[in-house]
Amino acid sequence: KNSERDIEFKRQVVGIDIEIRKHNKEAILNHALNPWITLIEGSSIDKNIISKIEGISKEYNKIMVILDSNHSYEHVKNELEAYAHLVSTDSYCIVFDTIIENLEDVEWHQRNWGVGNNPMTAVEEFIKRNNDFAIDKKIDSKLMISVAPNGYLKKIN
């Protein structure tokens with residue numbers, strides 16, 4: 001049963017993952033907040049999934065996007081192109097794991113990212129060519145530990 005508050009504050013969390021493990025899915029389905037959670041299995045840069053998210057987003061007035069999947073420059077660049085335009089003014093597109101750029105360049109267990117090829121490099125390029133967003137350094141300055149330095153992109157236009 002929807003309360004007046006639920007109607008007044010319509011909200012939804014949409015999670016996209018290439019693989020939603022059975023135990024995670026079961027935990028979410030059995031959680032009290034499940035009515036406000038939608039799970040989509042697949043690649044966040046798949047055209048069909050992007051289209052589905054664009055359709056869902058039309059139902060909401062305030063949107064925040066959090067990117068935290070494949071950490072390669074190319075993948076994050078594609079996610080920013082696909083989803084950043086959905087973010088509401090004064091809200092955020094948060095890009096996690098920008099810290100990779102500041103770590104020693106080590107083998108990432110056969111993953112295709114590292115120094116020079118990571119979320120930070122995608123953010124830097126995105127910010128240079130996009131005047132609708134600005135890096136909000138105030139958030140990082142409030143955190144004791146962050147895996148997303150310069151990854152809090154506030155939509156200003």
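The values are calculated or read from the model by the stated rules, or taken from the named source; none is laboratory data. What you see is a predicted model; the values in this text were computed from it and never measured. Accessible surface is based on the protein model in full, side chains and every heavy atom, while ligands, DNA and RNA are left aside. Shrake-Rupley method; radii C 1.70, N 1.55, O 1.52, S 1.80 Å.
The HN-Hα couplings worked out from phi for segment 32-43 by the Karplus form 6.51 cos²θ - 1.76 cosθ + 1.60 (θ = phi - 60°) are 4, 8, 3, x, 9, 10, 10, 10, 10, 9, x, 7 Hz, whole numbers, x standing for Gly and Pro. Students often forget the sequence filter, so: which lysines lie under 26 Å Cα-Cα from LYS138 once same-chain residues fewer than 8 apart are removed? The reachable lysines, counting only those whose Cα sits under 26 Å from LYS138, are LYS62, LYS77, LYS128, LYS154, LYS155. The H on the amide N of VAL14, modeled in the peptide plane, is under 5 Å from the matching H of THR38, each at least 5 residues off or on a different chain. In order along segment 57-69, the phi-based Karplus estimate (6.51 cos²θ - 1.76 cosθ + 1.60, θ = phi - 60°) of 3J(HN,Hα) comes to 5, 5, 7, 10, 8, 10, 10, 10, 10, 10, 9, 7, 10 Hz; Gly and Pro are listed as x. By a 1.4 Å probe calculation restricted to protein chains, GLU101 has an accessible surface near 50 Å², given to the nearest 10. For the chain, the longest principal axis of the C-alpha atoms and the axis of helix 73-83 are separated by about 30°.
Probe 1.4 Å, all protein chains in place: accessible area of ARG129 in Å², nearest 10? About 130 Å², ignoring ligands and nucleic acids. Our Cα-only numbers for segment 28-83 put the radius of gyration and Dmax at 12.7, 36 Å. The antiparallel fraction among DSSP beta bridges confined to the chain stands at about 45%.
Helices in the chain, meaning DSSP H runs of at least 4 residues, each add -39500 (n - 2.57). Divided by all residues, the mean residue ellipticity at 222 nm is -9000 deg cm²/dmol.
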